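Engineer: Take this structure, written in structure tokens, and hold onto it; I'll ask about it next.
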Amino acid sequence: MQKTFEPPRLDLLSGQPGNPHARRTGASRALISEIAGVPVRELTERYGSPLFVYDEAELKRNLFRWKQAFETLYQPVRFAWSYKTCYLRGICQCFHEEGSLAEVVSEMEYHKARKSGVPGKNIILNGPHKSQILLREALKEGAILHIDHFDEVDDVLAIADESDHKLKVGIRVNMDAGIQPVWSRFGFNFENGEAQQALTQLLRHPHIQLSGVHCHIGTYILDPQAYALMTQKLLTLAYWAEDRFDQRIEHLDLGGGFPSPARLKGIYHSPEVYLPPPSEYAEAIVNSLQANLRPGHLPQLLLESGRALVDSAGWLLSSVLARKVMPDGRDLVVMDAGVNVLYTATWYEIQASLTQKHEGEFHSTQLVGPLCMNIDVLHPEWMLPALERGEILCIPNVGAYNVTQSMQFIVTRPAVVLLREDGSEDLIRRAETLSDVEMGEG
Ligand SMILES: Cc1ncc(COP(=O)(O)O)c(C=O)c1O
């Protein structure tokens with residue numbers, strides 16, 4: 001029997017669970033009505049909206065979890081708080097109280113750490129720009145210095161010429177550890193011999209002593225084996241220098257880069273599924289140390305973890321300003337916080353959670369901020385019920401990079417409150433006003 005012709009049909013893939021090819025539209029049914037036991041509504045009533053909220057207990061739990069994973073396998077190990085991740089004094093102090101060093105990458109950050117009482121010897125100074133004045137100051141104060149480029153080698157050699165004692169310096173190295181793209185713009189390349197060349201120039205000087213080697217292969221690194229390879233390559237370099245200049249490194253700094261539970265754009269599975277636990281990173285690194293360290297050599301292992309320690313300890317509370325239906329029928333909600341305060345919305349898929357219960361249907365909704373700019377989109381299609389005006393949404397996992405990278409643009413920046421372990425609340429940065437914006441104007 002002859003079949004009737006059926007024309008081919010294209011069906012749009014839906015975002016239903018189980019369909020890994022569909023574009024996810026998110027499902028924000030999880031309710032976050034309180035943070036560390038404090039109702040979110042009370043927080044915005046006390047400190048205004050939008051509002052960044054940090055939880056000291058969560059921050060310290062994260063540090064403890066990562067420290068413990070390493071300390072049970074290797075000693076000595078020291079964490080250094082990466083200031084750029086969030087350098088509010090209240091946050092830095094939580095880490096310093098727990099023994100973290102400060103990892104800074106500029107003169108401003110160096111002075112911020114010193115002003116908070118961190119001694120020079122507890123500061124790691126990285127970064128591509130260090131003035132001669134800063135280099136002199138840091139070397140005098142005994143900071144752990146990682147030289148970034150050959151011009152800086154020249155600067156350090158000039159300081160060594162004038163010195164009557166040995167100056168301890170380290171170098172930053174970049175390499176292919178299997179992570180793409182290779183962050184090759186910082187430090188000296190391992191594979192092409194640049195790192196050996198830098199060490200040769202430095203260590204020929206009678207007043208230079210090699211303190212250690214450093215590498216930061218990138219951020220949100222999901223493959224623990226990349227750290228194993230980095231460890232192996234850094235030790236190969238360190239022993240190459242030891243054999244030629246009879247100098248043994250005191251520290252091995254593996255940078256930061258451990259991932260946080262914030263959800264990366266473009267990955268279908270949720271972070272709970274794809275995130276390796278701290279123990280996998282610790283095992284990969286320590287196995288590589290055991291395989292590559294020379295007998296009797298136990299350099300201090302330095303880790304400059306940023307986002308893995310603080311992302312899950314920070315939330316952004318934001319209120320609904322307005323609701324609209326677009327000409328194409330899509331729902332749109334205008335929030336009082338936009339991309340000016342949520343820089344990480346560029347690479348994370350933000351998970352705006354409801355803070356109060358809703359009955360009824362959820363619709364794909366475009367979630368936007370208050371800026372008069374088309375780019376101010378927090379989520380292009382987030383599943384939301386019909387929200388009330390003034391209702392608060394809570395965005396979790398925003399503790400890293402947002403406060404430091406947020407900007408005064410069209411609006412001022414919000415307050416930041418730290419919920420203490422003892423139940424008290426510290427306003428660690430007040431909300432800005434017009435005078436903050438005009439500060440410094442003639
Ligand atoms: C040198 C250095 N160390 C540490 C960090 C912290 O990185 P992460 O937040 O990925 O742990 C950075 C971030 O860029 C960095 O440049």
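Here, each number is a calculation from the coordinates, and none is a lab measurement. Note that this is a predicted model, so its numbers are computed, not measured. Cβ: placed from backbone, ideal geometry, glycine included. Neighbour counts: every protein chain shown.
Engineer: Give me L434, L332 sorted ascending by neighbouring Cβ count inside 10 Å, so fewest comes first.
Structural biologist: Final ranking by Cβ density, sparse to dense: L434, L332.
Engineer: So which aspartates and glutamates pass the test for K115, namely a Cα distance under 19 Å, with those fewer than 8 places away in the same chain ruled out?
Structural biologist: E97, E98, E103, E107, E137, E141
Engineer: Something else: Would you mind ranking W315, W183 by Cβ crowding within 10 Å, fewest neighbours first? Mind showing how you got there, number by number?
Structural biologist: Numbers: W315 25, W183 17.
Fewest to most other Cβ atoms nearby, the residues stand as W183, W315.
Engineer: How about segment 96-202: which trypsin sites (Lys or Arg not before Pro) there lie in a loop by DSSP and see at most 15 other Cβ atoms within 10 Å?
Structural biologist: Of the trypsin sites (Lys or Arg not before Pro), the ones in loops of segment 96-202 whose Cβ has at most 15 other Cβ atoms within 10 Å are K166, R185.
Engineer: Using the reciprocal of the averaged 1/r over all distinct C-alpha pairs, how large is the Kirkwood radius of segment 56-309 in Å? If you can, show how the numbers build up before the last one.
Structural biologist: Working: mean 1/r = 0.0541 Å⁻¹.
Kirkwood hydrodynamic radius for segment 56-309: 18.5 Å.
Engineer: Here's something else I'd like to know. Output the relative contact order of segment 56-309, whole-number percent, from Cα pairs under 8 angstrom with separation of 6+ residues.
Structural biologist: 21
Engineer: Can you work out ³J(HN,Hα) from phi for every residue in segment 160-168, in order, using Karplus 6.51 cos²θ - 1.76 cosθ + 1.60 and θ = phi - 60°, giving whole Hz and x for Gly and Pro?
Structural biologist: After applying 6.51 cos²θ - 1.76 cosθ + 1.60, I find 5, 4, 8, 7, 9, 9, 6, 9, 8 Hz.
Engineer: For D422 and V182, FRET efficiency with R0 = 45 Å and r from the beta-carbon atoms, rounded to 0.05?
Structural biologist: Working from the Cβ atoms, E equals 0.50.
Engineer: In a Gaussian network model over the chain where Cα atoms closer than 10 Å are linked, find which of Y401, Y281, Y47 has the largest mean-square fluctuation.
Structural biologist: Evaluated over the chain, the most mobile residue of the options is Y47.
Engineer: With a ≥ b ≥ c the root eigenvalues of the C-alpha gyration tensor of segment 284-442, is it rounded (a/c under 1.5), prolate (a/b larger than b/c) or oblate?
Structural biologist: Verdict is prolate for segment 284-442.
Engineer: So which residue, out of C394, C215, C372, gets the largest mean-square fluctuation from a GNM of the chain using Cα contacts under 10 Å as springs?
Structural biologist: For the chain, modelled as a Gaussian network with Cα springs under 10 Å, the answer is C372.
Engineer: For each pair in K140/K233; K84/K166; K121/K166; K121/K265, compute the distance between the two Cα atoms and list the pairs where it is over 27 Å.
Structural biologist: Checking Cα-Cα distances, K140/K233; K84/K166; K121/K265 exceed 27 Å.
Engineer: Where a ≥ b ≥ c are the square roots of the eigenvalues of the C-alpha gyration tensor, would you call segment 378-437 rounded, which needs a/c under 1.5, or, failing that, prolate if a/b is larger than b/c, or oblate?
Structural biologist: Cα axes put segment 378-437 in the oblate bin.
Engineer: Here's a follow-up. Using the eigenvalues of the Cα gyration tensor, what equivalent ellipsoid semi-axes result for the chain when each is taken as the square root of five times the eigenvalue, whole Å, largest first? The partial results should precede the final answer.
Structural biologist: Values: eigenvalues 385, 154, 79 Å².
Result for the chain: semi-axes of 44, 28, 20 Å.
Engineer: Okay, next question. Which ³J(HN,Hα) values, rounded to whole Hz and listed in residue order, are derived for segment 192-197 from phi using the Karplus coefficients 6.51, -1.76 and 1.60 in 6.51 cos²θ - 1.76 cosθ + 1.60 with θ = phi - 60°, glycine and proline given as x?
Structural biologist: 8, x, 4, 5, 5, 4
Engineer: When you take every Cα atom in segment 66-185, what is the radius of gyration, and what is Dmax, the widest Cα pair distance, in Å?
Structural biologist: 15.5, 44
Engineer: At a 10 Å Cβ-Cβ cut-off, how would you order D161, D176, D331, fewest neighbours first?
Structural biologist: Working: D161 10, D176 16, D331 19.
Fewest-to-most Cβ neighbours within 10 Å comes out as D161, D176, D331.
Engineer: Calculate one ³J(HN,Hα) per residue across segment 90-102 by plugging θ = phi - 60° into the Karplus curve 6.51 cos²θ - 1.76 cosθ + 1.60, and present them in order as whole Hz with x for glycine and proline.
Structural biologist: Rounded to whole hertz, the list is x, 6, 4, 5, 4, 6, 5, 4, 8, x, 6, 6, 10.
Engineer: Does segment 46-128 classify as rounded, prolate or oblate by the C-alpha gyration tensor (a ≥ b ≥ c root eigenvalues; a/c under 1.5 gives rounded; else a/b over b/c gives prolate, otherwise oblate)?
Structural biologist: Since a/c reaches 1.5 but b/c is at least a/b, the shape of segment 46-128 is classed as oblate.
Engineer: Per-residue ellipticity at 222 nm for the chain, helices alone: DSSP H runs ≥ 4 residues times -39500 (n - 2.57), over residue total, nearest 500 deg cm²/dmol? Write down the numbers at each step before the final one.
Structural biologist: Details: 13 runs with 128 residues, N = 442.
One gets -8500 deg cm²/dmol as the mean residue ellipticity at 222 nm.
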